[in-house]
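Student: Just dropping this structure here.
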Amino acid sequence: MSEAANVPPAQESYIVHEGKKRGSTRDVRPEAVHDRYYTVLRVHGGDAILTNNWHTTEVLSHARNNFEGYTFAMRTLEAWGAQIESDRRGYYTAGGRVWVLDLEPTDGKKKRLPGSGKA
(Lines give C-alpha, C1' and ligand atoms only; values in the text may rest on other atoms or scores of the structure.)
Protein backbone atom coordinates (compact mmCIF):
# COMPACT_ATOMS: atom_id res chain seq x y z
CA MET A 1 0.00 0.00 0.00
CA SER A 2 1.41 3.39 -0.94
CA GLU A 3 1.85 6.33 1.45
CA ALA A 4 -0.52 8.47 -0.62
CA ALA A 5 -3.37 6.07 0.17
CA ASN A 6 -2.82 6.58 3.92
CA VAL A 7 -2.97 10.39 3.84
CA PRO A 8 -6.41 11.74 4.81
CA PRO A 9 -7.89 14.46 2.58
CA ALA A 10 -6.88 17.96 3.64
CA GLN A 11 -9.58 20.00 5.37
CA GLU A 12 -10.10 23.39 3.82
CA SER A 13 -9.67 26.27 6.23
CA TYR A 14 -11.24 29.71 6.07
CA ILE A 15 -9.57 32.88 7.34
CA VAL A 16 -11.86 35.03 9.46
CA HIS A 17 -11.57 38.68 8.39
CA GLU A 18 -14.25 40.06 10.70
CA GLY A 19 -15.29 39.74 14.32
CA LYS A 20 -13.43 39.19 17.55
CA LYS A 21 -11.16 36.45 16.22
CA ARG A 22 -9.76 38.50 13.35
CA GLY A 23 -7.14 36.60 11.39
CA SER A 24 -7.85 33.25 13.02
CA THR A 25 -8.28 30.12 10.94
CA ARG A 26 -11.32 27.90 11.32
CA ASP A 27 -12.22 24.65 9.61
CA VAL A 28 -15.44 24.76 7.62
CA ARG A 29 -17.41 22.08 5.85
CA PRO A 30 -17.05 21.79 2.07
CA GLU A 31 -20.83 22.37 1.85
CA ALA A 32 -20.39 25.82 3.43
CA VAL A 33 -20.07 27.71 0.20
CA HIS A 34 -18.95 31.34 0.05
CA ASP A 35 -21.65 32.43 -2.40
CA ARG A 36 -24.63 31.31 -0.31
CA TYR A 37 -26.07 34.07 1.86
CA TYR A 38 -28.40 34.06 4.87
CA THR A 39 -30.08 36.92 6.70
CA VAL A 40 -30.39 36.29 10.44
CA LEU A 41 -33.99 37.22 11.21
CA ARG A 42 -33.96 36.42 14.93
CA VAL A 43 -31.66 35.12 17.68
CA HIS A 44 -33.40 33.33 20.57
CA GLY A 45 -33.06 30.52 23.09
CA GLY A 46 -35.34 28.12 21.23
CA ASP A 47 -37.07 25.72 23.61
CA ALA A 48 -34.54 26.36 26.38
CA ILE A 49 -35.68 27.89 29.64
CA LEU A 50 -33.48 30.94 30.06
CA THR A 51 -32.55 32.15 33.51
CA ASN A 52 -33.19 35.80 34.10
CA ASN A 53 -29.76 36.95 35.18
CA TRP A 54 -27.09 39.39 34.09
CA HIS A 55 -24.99 36.84 32.17
CA THR A 56 -27.85 35.46 30.07
CA THR A 57 -29.16 38.94 29.31
CA GLU A 58 -25.73 40.22 28.25
CA VAL A 59 -24.89 37.23 26.04
CA LEU A 60 -28.31 37.24 24.34
CA SER A 61 -28.10 41.00 23.82
CA HIS A 62 -24.61 40.67 22.33
CA ALA A 63 -25.69 37.87 19.96
CA ARG A 64 -28.75 39.83 18.85
CA ASN A 65 -26.80 43.05 18.28
CA ASN A 66 -24.17 41.27 16.19
CA PHE A 67 -26.35 38.87 14.18
CA GLU A 68 -29.99 39.97 13.92
CA GLY A 69 -30.82 41.74 10.69
CA TYR A 70 -27.43 41.14 9.08
CA THR A 71 -26.76 39.10 5.96
CA PHE A 72 -23.78 36.74 6.10
CA ALA A 73 -22.14 34.30 3.74
CA MET A 74 -22.66 30.72 4.91
CA ARG A 75 -18.89 30.25 5.24
CA THR A 76 -18.61 33.31 7.49
CA LEU A 77 -21.33 32.07 9.85
CA GLU A 78 -19.65 28.67 10.09
CA ALA A 79 -16.21 30.24 10.55
CA TRP A 80 -17.63 32.14 13.52
CA GLY A 81 -18.84 28.87 15.02
CA ALA A 82 -22.47 28.75 13.86
CA GLN A 83 -23.85 25.45 12.64
CA ILE A 84 -26.32 25.71 9.77
CA GLU A 85 -28.97 23.01 10.15
CA SER A 86 -31.20 24.03 7.24
CA ASP A 87 -32.05 27.06 5.11
CA ARG A 88 -34.26 28.30 7.96
CA ARG A 89 -32.37 27.34 11.14
CA GLY A 90 -28.87 27.57 12.56
CA TYR A 91 -27.27 27.28 15.99
CA TYR A 92 -24.61 29.44 17.63
CA THR A 93 -22.87 28.73 20.93
CA ALA A 94 -21.98 31.72 23.10
CA GLY A 95 -21.68 32.14 26.83
CA GLY A 96 -22.08 28.42 27.43
CA ARG A 97 -25.50 28.35 25.78
CA VAL A 98 -26.76 27.36 22.36
CA TRP A 99 -28.70 30.14 20.65
CA VAL A 100 -31.06 29.51 17.75
CA LEU A 101 -30.67 31.58 14.59
CA ASP A 102 -33.79 31.94 12.46
CA LEU A 103 -32.45 32.31 8.92
CA GLU A 104 -33.73 33.45 5.54
CA PRO A 105 -31.80 32.57 2.36
CA THR A 106 -30.96 35.62 0.25
CA ASP A 107 -29.44 36.18 -3.18
CA GLY A 108 -26.53 38.24 -1.91
CA LYS A 109 -25.24 40.72 0.62
CA LYS A 110 -27.70 43.42 1.62
CA LYS A 111 -28.08 46.19 4.19
CA ARG A 112 -29.12 45.41 7.76
CA LEU A 113 -32.85 45.00 8.26
CA PRO A 114 -34.46 48.05 9.87
CA GLY A 115 -35.56 47.67 13.48
CA SER A 116 -33.08 44.92 14.38
CA GLY A 117 -30.25 45.01 16.90
CA LYS A 118 -29.63 48.16 18.94
CA ALA A 119 -32.29 50.81 18.85
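The values are calculated or read from the model by the stated rules, or taken from the named source; none is laboratory data. On a predicted model such as this, the values are computed, not experimentally measured, just so you know. When we count neighbours, we look across all protein chains shown, and the Cβ atoms used for this are built from the backbone with ideal geometry, even at glycine. Areas reflect the complete protein model, heavy atoms only, side chains present, ligands, DNA and RNA absent. Shrake-Rupley method; radii C 1.70, N 1.55, O 1.52, S 1.80 Å.
Student: Can you pull the accessible area of Asp87 for me, 1.4 Å probe, Å² to the nearest 10?
Tutor: It works out to around 60 Å².
Student: Hey, another quick one. Please work out how much length the chain gains when fully extended from Ser61 to Asp102, using 0.36 nm per residue of separation minus the C-alpha to C-alpha distance, in nm with one decimal.
Tutor: 13.2 nm
Student: In what order, largest first, do His55, His44 sit by accessible area if the probe radius is 1.4 Å?
Tutor: If we order His55, His44 from most to least accessible, we get His55, His44.
Student: Leaving out ligands, DNA and RNA but keeping every protein chain, what accessible area does Ser61 have, in Å² rounded to the nearest 10, with a 1.4 Å probe?
Tutor: Rounded to the nearest 10, the figure is 50 Å².
Student: Note down the accessible area of Glu104, probe 1.4 Å, to the nearest 10 Å².
Tutor: Counting only protein heavy atoms, the figure is 70 Å².
Student: Quick one: if you stick a label point 7 Å off each Cα along the C-beta vector at Arg88 and Trp54, how many nm between them?
Tutor: Using points 7 Å along Cα→Cβ, the separation is 3.9 nm.
Student: From the protein chains alone at 1.4 Å, what is the descending order of accessible area for Trp54, Trp80, Trp99, largest first?
Tutor: Heavy-atom accessible area, descending, gives Trp54, Trp80, Trp99.
Student: Assuming R0 = 25 Å, what is the FRET efficiency of Lys109 and His44, from their Cβ-Cβ distance, to the nearest 0.05?
Tutor: E between Lys109 and His44, to the nearest 0.05, is 0.55.
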